[in-house]
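The values are calculated or read from the model by the stated rules, or taken from the named source; none is laboratory data. Given the structure is predicted, the values throughout are model-derived calculations rather than measurements. Note that we place each Cβ from the backbone using ideal geometry, even for glycine, and neighbour counts take in every protein chain shown. Heads up: the accessible areas ignore ligands, DNA and RNA and are worked out on the full protein's heavy atoms, side chains in. Shrake-Rupley method; radii C 1.70, N 1.55, O 1.52, S 1.80 Å.
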2 protein chains.
Amino acid sequence: MTRILTRQDVEQLMDMEMAVEIVEAAFKSHGYGRTRIPHRSILELDEFNGMMGMMPAYLADSQAAGVKIISHHAHNHKKGLPEGMGLILYHDPATGMPLAIMDCAHITAMRTGAATAVSVKYLGKKNTRVAGIVGTGVQAVFQVRAICQVSRLERVKAYDLRPDAMERFAATAAPLGLEVELVKNPEQACREVDILATCTSSRHPFVKKEWLQEGVHIAAIGADMADRRELSPQVYGSADKCVTDLPKQALLVGEITDAIATGAIDEAALHTTLGEIVAGKAKGRENDAELTIFKSTGMAIQDIAVAKRVYELAIEKQAGVDIAITP
Amino acid sequence: MTRILTRQDVEQLMDMEMAVEIVEAAFKSHGYGRTRIPHRSILELDEFNGMMGMMPAYLADSQAAGVKIISHHAHNHKKGLPEGMGLILYHDPATGMPLAIMDCAHITAMRTGAATAVSVKYLGKKNTRVAGIVGTGVQAVFQVRAICQVSRLERVKAYDLRPDAMERFAATAAPLGLEVELVKNPEQACREVDILATCTSSRHPFVKKEWLQEGVHIAAIGADMADRRELSPQVYGSADKCVTDLPKQALLVGEITDAIATGAIDEAALHTTLGEIVAGKAKGRENDAELTIFKSTGMAIQDIAVAKRVYELAIEKQAGVDIAITP
């Protein structure tokens, strides 16, 4: 029997506290080497300005297996559809049975925010009160909600190229009870903040080293492929710790290949993972002066770990519908 | 909106005639280079004697995209479950929208039989009247049903290690109106046949060159990974034409690596695909004396092409249920 969960079902079953807890546990499992994340399989659909990605994962600790199937079509807005769509299939690793099929949008947003929260917990300053956000698309409010789970955040300075995106962000962030300041340029969002989260689709680096105050932690979320860049090589060069989720993925990202090509960092500098820090196998922040970077690329274990909990809650709360697709 | 189709729904919507027609068209598209088949992504679940495979594909001619997610757990029978389970997700390539989710078992069985039928059409003898089947598991009757679509088959000689599997095969093949002879050893199933289909999970080659009559066509179905073997190197060495569906997959199969390692064939001999023959870019059978082999490994384009038609028929016949999983 397979439980089918719509986006609304998933939204009603999840909260950010749960997402951060599960994603932290998933990072820990990863740090201990008790996860399996095969390379993503990509189906190029260039003739439609699109692609599909198949992201399988297994977590031995939580006994969860599955795959996220996610598509991205850059021109979908012309058809009134979201650019990205996708499903998560959650499987019983012991039998292969697909126990649940669910929309992936909310889980992707929550687990991406949650990864930032985990990075703030282990790499952020003791007192994280002010956040800067560059890029106020859908992900921005999830970043702020997640950071609130692990800090006493008071103020957010936010910037986006599109004023309407900033206004929407301000409206969705309002219930969080923070002071939200919409600023005029990226520099203002980067200066005098404790945590900076970059969530753009920029192809050119825009964060400059001289804007950053001592001890800032940067969660670099947006750049996830070869042609994407947010942090300049100089920012990487001035960091005391550069931490990634998954080095093999991070090494494919434009801002990372630039930082290595220009000699700002060497490849070995990237090989500490957030998982190893959570597992106690590598050091997190050591003092309030360090400049730390978490380069987030997203791991399927985050999706599958959260999907397992969503499935369990769906059974408990009788959400969704059961269909015997495969006997 | 996503249409959910159970195994029963899929079984009621499909017939073998349709499967052969669609699979032949898919091979033709493949031969013309108008398909995309990324490498399979494999999630090893060795601790459960299992694995999951993600098989994406795109066909430009039929405008179909999707992915088959299939699991195999060798000990599932102890839990009263089938060893293999899985789903096909059929997507609109233009938007990424998952249009349908369906059980994959029947489609996998039908498209595997259909590939053999296509191979018989292009590589089989003019008069194919007698078939030999070694390995009478679930796939065997699909092989026979498919061969009947492209020949005037009269008689089947079938062998399996397990007498109960032979009896089940005889019962399921009975409605086809053929003479079914259950034989005592593989040799009897291989001798004096026009088409030989091997459908076992054997780890050791069992088909011997001296058993084969002039002009036989062999569809080698069972060996699909490194530790699987059905045809001996000598059989490959004596073939006039060795054709595969997908060379990059065939080159991973045990019986093929053995045939190359022993010098029975060289790698270049494998590079004609059935798709190229269907597309008229390479020669099929040239006379009734040739010994031909079709090494079938299974391509995701077969699954996705059939899934598209199943989806269209489901819409037309109002089968299955629609759920707005992803808005």
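Summary of computed values
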| read-out | value |
| --- | --- |
| Residues losing 40 Å² or more accessible surface upon assembly, the stretch B:296-327, compared with the chain by itself, 1.4 Å | B:ILE323, B:ILE325, B:THR326, B:PRO327 |
| Highest-MSF residue in chain B out of B:GLU181, B:GLU290, B:GLU24 [GNM, Cα springs under 10 Å] | B:GLU181 |
| For the stretch B:169-327, the spread of Cα positions along each principal axis, largest first, Å | 58, 38, 33 |
| Surface share of carbon and sulfur [accessible, 1.4 angstrom probe, percent] for the stretch A:113-298 | 48 |
| Cβ neighbours within 10 Å from other chains - mean over B:95-107 | 5 |
| Simple Cβ-charge dipole of chain A, Lys/Arg +1 and Asp/Glu -1, about Cα centre, in debye nearest 20 | 180 |
| Highest-fluctuation residue, B:ILE315, B:ILE293, B:ILE69 considered, GNM on chain B with Cα pairs under 10 Å | B:ILE315 |
| Förster-model FRET efficiency, 35 Å R0, B:ARG152 and B:GLU210, C-beta, rounded to 0.05 | 0.80 |
| Spin-label pair B:GLU17/A:GLU21, simplified geometry with 7 Å Cα→Cβ offset, distance in nm | 5.9 |
| For B:VAL216, net neighbour charge (Lys/Arg +1, Asp/Glu -1) across residues whose Cβ lies under 10 Å away | -2 |
| Solvent exposure ordering (accessible area, 1.4 Å, most first) of A:LYS121, A:LYS78, A:LYS308 | A:LYS78, A:LYS121, A:LYS308 |
| Computed accessible area, A:TYR122, all protein chains, 1.4 angstrom probe, square angstrom | 60 |
| Spatial extent of the stretch B:100-243: Rg and Dmax, with the Cα atoms as the point set, Å | 14.2, 48 |
| Accessible surface ranking that places the most exposed of B:ILE70, A:ILE107 first, with a 1.4 angstrom probe | B:ILE70, A:ILE107 |
| Size of the B/A contact, given as accessible area buried on both chains, probe 1.4 Å, in Å² | 4100 |
| At R0 = 35 Å, FRET efficiency that the Cβ-Cβ distance of A:ARG129 and B:HIS39 yields, to 0.05 | 0.15 |
| Simple Cβ-charge dipole of the stretch B:130-270, Lys/Arg +1 and Asp/Glu -1, about Cα centre, in debye nearest 20 | 240 |
| Calculated over the stretch B:72-169: convex hull of Cα atoms, volume per residue (Å³) | 134 |
| Other copies of A:ALA261: label-to-label distances in nm, shortest first, labels 7 Å along the beta-carbon direction | 4.2 |
| Cα centre as origin, Lys/Arg/Asp/Glu Cβ charges: the stretch A:35-114 dipole, Debye | 120 |
| Of B:GLN143, B:GLY320, B:GLY33, farthest towards positive along the dipole that unit charges on Lys, Arg, Asp, Glu beta carbons give chain B | B:GLY33 |
| With 10 Å bins from 0: P(r) over the stretch B:132-211, alpha-carbon pairs, percent | 19, 58, 22, 1 |
| FRET efficiency, 1/(1 + (r/R0)^6) with R0 41 Å, evaluated for A:ASP240 and B:GLU267 via beta carbons | 0.20 |
| Shape box of the stretch B:1-55 [Cα atoms, principal axes, largest first, Å] | 40, 33, 26 |
| Listed residues B:ALA189, B:ALA60, B:ILE218: farthest to the positive end of the dipole of chain B (Cβ charges) | B:ALA60 |
| Accessible surface, per residue, of the stretch B:9-152 when the full set of protein chains is kept, probe 1.4 Å, Å² | 33 |
| Against the rule of thumb 2.2 N^0.38 Å, how large the Cα Rg of the protein assembly as shown comes out | 1.07 |
| B:GLU187-A:LEU161 pseudo-label distance in nm [points 7 Å out on the Cα-to-Cβ vector] | 7.5 |
| Neighbourhood net charge (10 Å Cβ-Cβ; Lys/Arg +1, Asp/Glu -1) for B:GLU276 | +3 |
| Axial C-alpha extent at least 18 Å, average Kyte-Doolittle at least 0.0 - helices from chain B (DSSP) | B:16-31, B:105-123, B:138-150, B:300-317 |
| Measure of compaction for chain B (Cα Rg per 2.2 N^0.38 Å) | 0.96 |
